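Here's the structure we're looking at; comments come further down.
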Amino acid sequence: MTDYAWLSEVRSMVGREYGRIYAWDEVNPAMVRQWCEAMGVDNPLYTDPEYAATTEFGEVVAPPAMLQAWCLEGMHMNNYPPGSTDENPYEVLGLIEAQGYPAVVAVNSELIFDRYVRMGEKLYYTTLIKEVSEEKATALGTGFFVTQVMSFFSEKPEGDEKVGELMFRVIKFKPANQPQPVEKSESAVPKIKRPKPGISDDTRFFWEGCEAGELRIQQCNSCNKLQHPPGPVCSHCHSFELGYHVSKGSGELYSFVVMHYPEVPPFDYPNPIGLIQLDEGVRLPAGLVGVEPSALEIGQRVQVEFHTFDDEMTLPLFRPVSA
């Protein structure tokens, strides 16, 4: 690929380490409990002090997968605690974008845990620009892979201790298939359709079920347990022998959000979306119909119904029902 002159500035940033981003709060049991509830994690090592006291740790510890969560800015962009750096660790992406590579897609990430994090610890991380690749041609388009490494530390009077690391890689690229401009005319206004779901061999049975008016939940033929979303292997016993169970489609509203902005056609707003706990025990996200957002309540009983959009796509939606 061409070695552009402007790449010298980009490459000069490789190896640069940006300053600290601090956590707003110390590691604490309340946030651990809420995270475990949201993620469906029931390991007593994280939430049961009596059980944890019998382990090698002697107390509850934080789930390793929470590591990144401690240092997030919260509900407002770039809202970091006092003392955090005001440097922008993503400025390398801005330099590449300025040269005509507008799109970005996360490629992969890897979390490494050095040890469990304990209650009361105060964390921070630093960011290293590890690598910027040569220009690559991919199915998405032509661009550059940028790899960053966030190193997480616990503040200690005797010297800060590294507790984990996150490798995060993105591609900054020129899309291979640029959208063609639509010619406007007074007589023909293009109709915006709902985006179609990605369908694979693992999920085809689910969408075929929707077309047939059936809510099909993947079931293992070996251990008979259900799972959703569908996958190529049973998450319980790792068997490849998978079938499906036709759900009654009844359950309760486990959680929900109401989307207000941005308003993206052709969806109606406000747009309520629920996380449904089916009576069979699995959860799935779906749109909610037949209810004002202000009337939604956790625990409401709901029932599936199938709606066809654009004469080509049938989706399972859920309507609240009387108890």
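Taking 0.36 nm per residue of separation and subtracting the Cα-Cα distance, full extension of the segment from Val264 to Phe205 would add 18.4 nm.
If you wrap the chain in the convex hull of its Cα atoms and look at it from every side, the mean projected area works out to 23.4 nm². Length available on full extension from Met167 to Val41: 0.36 nm per residue minus the Cα-Cα distance, which gives 43.0 nm. Estimated from the Cβ-Cβ distance and a Förster radius of 51 angstrom, the FRET efficiency linking Asp114 and Ala176 is about 0.80.
Calculated FRET efficiency, Glu73 to Ala295, Cβ-Cβ distance, R0 = 30 Å: about 0.40 to the nearest 0.05. Hydrodynamic radius of region 156-306 by the Kirkwood approach over all distinct alpha-carbon pairs: 19.6 Å.
In the chain, the DSSP-assigned H stretches of four residues or longer account for a calculated mean residue ellipticity at 222 nm of -3000 deg cm²/dmol, using -39500 (n - 2.57) per stretch and the full residue count as denominator.
Shape summary of region 229-281, radius of gyration then Dmax from alpha carbon positions: 16.1, 42 Å. Compactness of region 18-159 is given as radius of gyration and Dmax, 18.5, 58 Å, from Cα positions. Averaging 1/r across all pairs of distinct Cα atoms in region 1-61 and inverting the result yields a Kirkwood radius of 15.6 Å. Solvent-accessible area assigned to carbon and sulfur over region 247-323 amounts to 52 percent, based on a 1.4 Å probe. For the residue pairs Lys136/Lys196; Lys225/Lys248; Lys130/Lys162; Lys130/Lys174, the C-alpha atoms sit more than 25 angstrom apart in Lys136/Lys196.
For region 87-146 versus region 1-80, the spacing of their alpha-carbon centroids is 16 Å. Were the residues from Glu131 through Phe309 laid out at 0.36 nm apart, the gain over their Cα-Cα distance would be 59.6 nm.
With Rh defined as the Kirkwood radius, the inverse of the mean 1/r over Cα pairs, the Rg/Rh of region 90-184 is 1.17.
Summing charges over all other residues whose Cβ lies under 15 Å from the Cβ of Thr55, with Lys and Arg as +1 and Asp and Glu as -1, gives -2. Based on protein heavy atoms only, the chain ends up with 59 Å² per residue of surface accessible to a 1.4 Å probe.
List the GluC sites (Glu not before Pro) in region 104-179 that DSSP assigns to loop (not H, G, I, E or B) and whose Cβ has at most 14 other Cβ atoms within 10 Å. Which are they?
Glu134, Glu158
Please report the carbon-and-sulfur percent of the accessible area for region 36-193; probe 1.4 Å, protein heavy atoms only, DNA, RNA and ligands left out. Within region 36-193, the accessible surface is 52 percent carbon and sulfur.
In region 218-323, the C-alpha radius of gyration followed by the widest Cα-Cα span (Dmax) gives 15.6, 45 angstrom. Taken over region 33-80, the percentage of Cα pairs per 5 Å bin, counting from 0 up to the bin with the maximum distance, is 5, 20, 23, 19, 17, 8, 6, 3, 0.
The values are calculated or read from the model by the stated rules, or taken from the named source; none is laboratory data. A quick note: this is a predicted structure, and the numbers were derived from the prediction, not measured. Methodologically, a virtual Cβ is constructed for each residue, glycine included, from the backbone with ideal geometry; neighbour enumeration extends over all protein chains shown. The accessibility values were calculated without ligands, DNA or RNA, using every heavy atom of the protein model including side chains. Shrake-Rupley method; radii C 1.70, N 1.55, O 1.52, S 1.80 Å.
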